[in-house]
Amino acid sequence: MDSVLFKWGILPLLIFLARIVDVSLGTLRVIFISRGMKWIAPLVGFFEVLIWLLAIGQIMKNLTNVVCYVAYAGGFAMGTFVGISIVDKLSLGVALIRVITRVDASELVEYLSLQNYGVTSVDAQGVTGKVKVIYSIVKRQDLEKVVEIINKFNPQAFYTIEDVRFVSEGIFPAREAWYKKGFLDLLRVNRK
């Protein structure tokens, strides 16, 4: 364990990998907290801190090894990137899409309804005149599809997307049961 290869190569690599894992877990924990997943967040936090303690312990034992510092910082940066990427792929929770349009939105509302998305539309007054405001709560995994629909029917529409912490009821498209999907479909991860 006192070899030069271990001290200057393997140990920094292990610290780098540990930081990637613990920072990724930290990112997931924060997302779980914001989504109200109060049972999984503490479990993830436990492993996050355990891994962090192991990594910082090695730093403290090797205070003269500058490569360990660089590995620690690099692992933090890469862990942030990996954590965000994981969160994007998980597509957890639901989001509110608010569409504001000056053109007739009846076709868009009808199409979203036919696709089994809950839609509420309201007549409103904007700075430039009358507008239609359309609200829909969708699962995050459907966001990309719904935005494509909006752009198809009205490419000039202004829309915003917000995270929703809790929904009591809603209308959502039916999902195919996981056991009816093929093996490769189970491995596919949805994007945001």
Taking segment 153-170 as the region of interest, how many residues are modelled with pLDDT under 95 and exposed (fewer than 12 other Cβ atoms within 10 Å of the Cβ)?
-> 7
Looking at S34, S3, which is the one that is exposed (fewer than 13 other Cβ atoms within 10 Å of the Cβ) and either touching a Lys or Arg at 6+ places or on another chain (Cβ under 6 Å) or of a type in the set (G, A, S) (or both)?
-> S3
Filter segment 75-89 for residues that are surrounded by 16 or more Cβ atoms within 10 Å (Cβ to Cβ) and not aromatic (F, W, Y) and give the result.
-> G75, M78, G79, T80, V82, G83, V87
Of the conditions (1) closer than 30 Å to E148 by Cβ; (2) touching a helix residue (DSSP H, G or I) at 6+ places or on another chain (Cβ under 6 Å), the single one that D22 does not satisfy is (1)
Output the helices (runs of 4 or more DSSP H) that fall wholly within segment 1-114 and possess 1 or more residues being over 30 Å from A157 (Cβ atoms), of a type in the set (A, V, I, L, M) and in contact (Cβ under 8 Å) with a residue 24 or more places away in the chain, or say none.
-> 11-34, 40-61, 66-90
Is it true that L17 is under 25 Å from D142 (Cα atoms) and surrounded by 15 or more Cβ atoms within 10 Å (Cβ to Cβ)?
-> no
Check segment 139-149 and report whether any residue there is buried (at least 16 other Cβ atoms within 10 Å of the Cβ), more than 24 Å from the chain's Cα centre (by Cα), at pLDDT 70 or above and not assigned by TED's automatic domain parsing to the domain that holds G36.
-> no
When residues of segment 37-66 are limited to those that are more than 30 Å from S3 (Cα to Cα), of a type outside the set (A, V, I, L, M, F, W, C) and surrounded by fewer than 17 Cβ atoms within 10 Å (Cβ to Cβ), the one modelled with the highest pLDDT = P42
Just give me the residues in segment 171-192 being among the small types (G, A, S) and either in contact with a helix residue (DSSP H, G or I) (Cβ under 7 Å, 6 or more places away or on another chain) or at pLDDT below 65 (or both), in sequence order.
-> A177, G182
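The values are calculated or read from the model by the stated rules, or taken from the named source; none is laboratory data. All values derive from a computational prediction rather than experimental measurement. For neighbour counting, all protein chains shown are included, and Cβ atoms are generated from backbone atoms with ideal geometry for every residue, glycine included.
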